[in-house]
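Here's the structure, in structure tokens; my notes come after.
The values are calculated or read from the model by the stated rules, or taken from the named source; none is laboratory data. As the structure is a computational prediction, the values presented were derived from the model and not from experiment. Using ideal geometry, Cβ is built from the backbone for each residue, glycine included, and neighbour counts are taken over all protein chains shown.
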Amino acid sequence: MQVDESDTSSPCSLEVIPGNLPRIIFRQAPQHRHDESWQQRRVRVPPKLSGCRFGRLAYYNNSKTMANSNVLQVILRDHGYERVESVSDEWSIFWCAGQIDPNELRTFKPHQRVNKFPKASALTLKSNLWTCFVRMLVKHGVQHYGFMPETYVLPTQLSLYEEALRREVAQNSRSTWILKPAAAYCGRGIFLHRTSQSLTGEGADVLVDQILDHKGVACRYIDPPFLLDGLKSDIRLYVLVTSWHPLVVYLYDEGLARFATEPYDNRAIDRRCMHLTNYSLNKHSKNFVRNTNEEEDGAGSKWSLSAFKRRLRAEIGEARADKCWRDVDDMVTKAVIAAEPTVHESMRAYIPAAYRGEPNRQCFQVYGFDVMFDADAKPWLLEVNLDPALRTESPLDLKIKSSMLIDLLNVVGMPMPPASDGVAPTPKGSSTDAAQDAPSSASSTSSESATAAATAATAAVVATTVAIKPLPPAPPPPFQIPPMPACIEDVPPLPLPLPDGPPLAPPGGPAEAWGIPPLPPPLPSEPSSSAAASSTSSTSAAASAAASAAAAYTAASASAATFSSSAATASAATSAAASATSAASASALPGHHPPKLAASSEMERWVVSLVDAEFQRSKSGRWKRLLPSSRSADYFQFFEPSRTWNRLPFDV
């Protein structure tokens with residue numbers, strides 16, 4: 001790989017904080033064109049620190065569609081990263097396309113970063129997302145989990161879907177359904193279906209061959225949708241998760257709005273460019289208007305999220321628009337929480353540090369959330385994408401996606417790799433007793449020793465920095481952690497893929513009919529016998545009320561024209577569940593909203609310092625942290641009681 005030694009104007013600098021490896025500060029690549037290929041961008045000289053020696057900067061990208069990672073590779077090469085061709089090579093950043101092999105995570109070194117979590121399909125496979133959503137819906141009610149349209153997993157729930165269609169026919173309903181394949185993208189395999197009013201007999205066939213052969217999901221179509229200039233649209237949001245325990249979620253303050261290219265008419269369900277907003281589909285339409293100027297972000301068939309927000313405010317007023325975006329924040333947070341148990345357990349199964357009870361430092365993931373507004377400006381979650389598209393086919397694409405990636409790399413923090421031999425000369429005047437970046441354990445590797453050497457050598461060096469509050473000292477080694485098994489393979493992996501979604505409960509049926517476990521018992525305490533009896537009674541009442549609410553919700557959603565109206569129909573039934581759940585929460589935890597915990601142990605202080613340092617780095621860009629936040633207490637009720645790190649006193 002050729003490095004451009006003649007170019008000394010490196011666009012990046014280093015952030016040096018005592019007790020941590022130096023991190024690269026990413027900047028916009030100069031003269032970056034939206035149609036530039038990564039092969040055209042030479043590798044710049046890596047950033048240097050006087051008197052210190054680091055390992056080679058390199059990245060590995062396994063994408064088979066290189067155009068989808070061009071913008072990322074240009075940014076990395078412009079900051080001194082070379083490309084390697086195998087995961088077994090020495091690299092600092094692994095940008096993985098698709099699911100990562102969880103077994104590879106067991107071999108990663110402390111300075112390496114990868115853009116995937118194991119079992120991220122809990123959020124990104126449509127059937128798994130619906131399974132996680134329904135679990136929370138039954139447990140917490142439609143007042144908290146009512147932001148996804150009614151869905152059936154096919155072919156597993158084909159008979160239930162057929163029953164729903166027959167009910168519609170019997171009630172003279174003309175509801176529309178949208179059917180999507182299990183794991184396709186770019187609009188492939190999507191079609192709309194509407195039952196005919198003429199099908200009323202017992203033997204009438206409401207399922208066409210296309211449905212019988214379908215493997216994926218059938219979702220109630222959001223009708224009527226929110227229209228701008230007569231066109232349907234949806235928005236792409238970028239959501240970053242950097243940790244699952246504690247859960248740390250960011251939402252980027254910019255995104256994209258994609259428009260259909262034919263005026264909306266719900267009578268013509270076979271017009272794909274009228275009903276589907278996928279850019280990859282509509283860009284082939286004769287009506288598609290391409291963006292040619294990044295400053296004109298509210299013109300054409302693809303807008304910036306900022307332009308969409310301005311237009312929404314003009315259409316519905318500032319107060320309603322502000323509520324819409326608060327609802328979007330809440331929806332994103334709750335959707336991620338719904339998948340937290342699955343991903344958290346998979347982290348413990350495949351990542352040695354997580355198994356030992358240490359916080360995550362190596363994995364992060366950016367998800368693409370697709371959201372649509374209905375005619376009442378209510379946001380609905382359509383799906384979550386494992387690999388949001390990074391193609392830059394217009395100047396607007398480049399402006400938004402390059403900024404998002406640069407801010408992401410800065411938030412996550414990309415450390416300089418230690419020299420392979422672990423030797424790093426100490427600059428004059430530097431301290432050699434700085435704390436390590438993380439507490440060591442009995443299983444420390446030679447790479448960790450190299451990390452410590454490089455850390456000590458650079459701890460007191462003056463370099464270009466960003467404004468970050470001093471971190472508390474890391475806990476001294478050795479750190480007391482649960483013993484690690486002799487071989488990580490002793491930890492049983494979780495099944496992949498997740499099981500199919502549970503069948504919907506019949507009207508009036510118990511929660512067990514959904515295959516969903518009941519509400520967890522209260523946290524152990526020492527109340528009086530009467531208080532304990534009251535707590536048990538409240539918890540049982542909450543479970544019973546939630547089950548009744550879920551059954552009412554199912555019955556209502558099957559007969560209503562839209563899921564929105566069904567949620568309204570079920571609201572009366574769920575009010576009792578809300579009261580009972582509130583009572584159970586009050587008896588199970590100290591107060592309706594459990595108070596934050598003091599960081600009393602060395603591990604907890606380390607967790608707080610890592611999360612707070614990341615939060616400080618986020619302030620230099622546009623990643624807005626949703627969790628932890630000033631509203632964290634509102635979400636404690638949705639976590640397992642054992643997730644106490646979510647209640648630590650983080651800087652918000």
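Does Arg56 satisfy the condition of being among the charged types (D, E, K, R), in the same structural domain as Pro417 (by TED's automatic domain parsing), part of a loop (DSSP other than H, G, I, E, B) and modelled with pLDDT of 90 or more?
Details: among the charged types (D, E, K, R): yes; in the same structural domain as Pro417 (by TED's automatic domain parsing): yes; part of a loop (DSSP other than H, G, I, E, B): yes; modelled with pLDDT of 90 or more: yes.
Judged against the criteria, Arg56 is a match.
Within the stretch 123-161, the only residue that satisfies the criterion of being crowded, with 21+ Cβ neighbours inside 10 Å, under 13 Å from Thr342 (Cβ atoms) and of a type in the set (Val, Ile, Thr) is Thr131. Taking first residues from the stretch 163-190 that are without any contact (Cβ under 8 Å) to a residue 60 or more places away in the chain and among the small types (Gly, Ala, Ser) and partners that are surrounded by fewer than 19 Cβ atoms within 10 Å (Cβ to Cβ) and assigned to a loop (DSSP other than H, G, I, E, B), the Cβ contacts under 6 Å between residues at least 6 apart in sequence or on separate chains come to Ala182/Lys215. For Cys219, state whether it is within 27 Å of Val332 (Cβ to Cβ), outside the structural domain of Arg33 (by TED's automatic domain parsing) and modelled with pLDDT of 95 or more. Answer is yes for this residue.
Test Ala120 against the stated conditions and say whether it is surrounded by fewer than 17 Cβ atoms within 10 Å (Cβ to Cβ) and in contact (Cβ under 8 Å) with a residue 24 or more places away in the chain.
Working: surrounded by fewer than 17 Cβ atoms within 10 Å (Cβ to Cβ): no; in contact (Cβ under 8 Å) with a residue 24 or more places away in the chain: yes.
Spelling it out, it is not the case that Ala120 is surrounded by fewer than 17 Cβ atoms within 10 Å (Cβ to Cβ) and in contact (Cβ under 8 Å) with a residue 24 or more places away in the chain.
Could you please let me know if Ser69 is crowded, with 17+ Cβ neighbours inside 10 Å, more than 24 Å from Asn385 (Cα to Cα), under 23 Å from the mean Cα position of the chain (by Cα) and not β-branched (Val, Ile, Thr)? The answer is no for Ser69.
Could you tell me which residue of the stretch 72-92 is farthest from Phe26 (Cα to Cα), considering only residues that are surrounded by fewer than 20 Cβ atoms within 10 Å (Cβ to Cβ) and in contact with a helix residue (DSSP H, G or I) (Cβ under 8 Å, 6 or more places away or on another chain)? Break it down into steps so the answer makes sense when it comes.
To start, the set of residues in the stretch 72-92 that are surrounded by fewer than 20 Cβ atoms within 10 Å (Cβ to Cβ) comprises 82-90.
Add one more test, that the residue is in contact with a helix residue (DSSP H, G or I) (Cβ under 8 Å, 6 or more places away or on another chain), and what stays is 83, 87.
On the way: Arg83: 17, Val87: 23 Å.
Once the filter is applied, the top-ranked residue is Val87.
Out of Tyr221, Tyr185, Tyr238, one residue alone is within 30 Å of Ser403 (Cβ to Cβ) and touching a Phe, Trp or Tyr at 6+ places or on another chain (Cβ under 8 Å). It is Tyr238. If the condition is being surrounded by fewer than 19 Cβ atoms within 10 Å (Cβ to Cβ), at pLDDT 90 or above and over 13 Å from Arg77 (Cβ atoms), then the stretch 18-34 contributes Arg27, Gln28, Arg33. Taken over the stretch 76-91, the criterion of being closer than 20 Å to Ser420 by Cβ and either among the charged types (D, E, K, R) or in contact with a Leu (Cβ under 6 Å, 6 or more places away or on another chain) (or both) is satisfied by Gly80, Tyr81, Glu82, Arg83, Glu85, Asp89, Glu90. The residues of the stretch 102-117 that are outside any helix (DSSP H, G or I) and either among the hydrophobic types (A, V, I, L, M, F, W, C) or free of Cβ contacts under 8 Å to residues at least 60 places away in the same chain (or both), listed by number, are Phe108, Val114, Phe117.
Selection of helices (runs of 4 or more DSSP H) fully inside the stretch 560-652 by the criterion of at least 2 residues being at pLDDT 65 or above and over 24 Å from the mean Cα position of the chain (by Cα) returns 602-618.
So that you can scan it fast, the table gives a plain yes or no per residue for (1) crowded, with 20+ Cβ neighbours inside 10 Å; (2) modelled with pLDDT of 50 or more; (3) closer than 20 Å to Thr242 by Cα:
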residue	(1), (2), (3)
Met372	no, yes, no
Lys378	no, yes, no
Pro388	yes, yes, yes
Ser402	yes, yes, yes
Leu409	yes, yes, yes
Ala435	yes, no, no
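Considering every residue within the stretch 365-375, establish whether at least one is assigned to a helix (DSSP H, G or I), under 19 Å from Asn115 (Cβ atoms) and either more than 20 Å from the chain's Cα centre (by Cα) or not small (Gly, Ala, Ser) (or both).
Start the filter on the stretch 365-375 by keeping residues that are assigned to a helix (DSSP H, G or I), which leaves none.
No.
Residue under question is Glu358, and the condition is that it be of a type in the set (Asp, Glu), over 21 Å from Ile235 (Cα atoms) and part of a helix (DSSP H, G or I); does it hold?
Numbers: of a type in the set (Asp, Glu): yes; over 21 Å from Ile235 (Cα atoms): yes; part of a helix (DSSP H, G or I): no.
Answer is no for this residue.
Please pick out the residue among Asp101, Asp7 that is surrounded by fewer than 20 Cβ atoms within 10 Å (Cβ to Cβ) and modelled with pLDDT of 90 or more.
Working: Asp7 fails: modelled with pLDDT of 90 or more.
Result of the check over Asp101, Asp7: Asp101.
Among Pro30, Pro46, which is in contact with a Leu (Cβ under 7 Å, 6 or more places away or on another chain) and in a loop (DSSP other than H, G, I, E, B)?
Details: Pro30 fails: in contact with a Leu (Cβ under 7 Å, 6 or more places away or on another chain).
One residue alone meets the criteria, Pro46.
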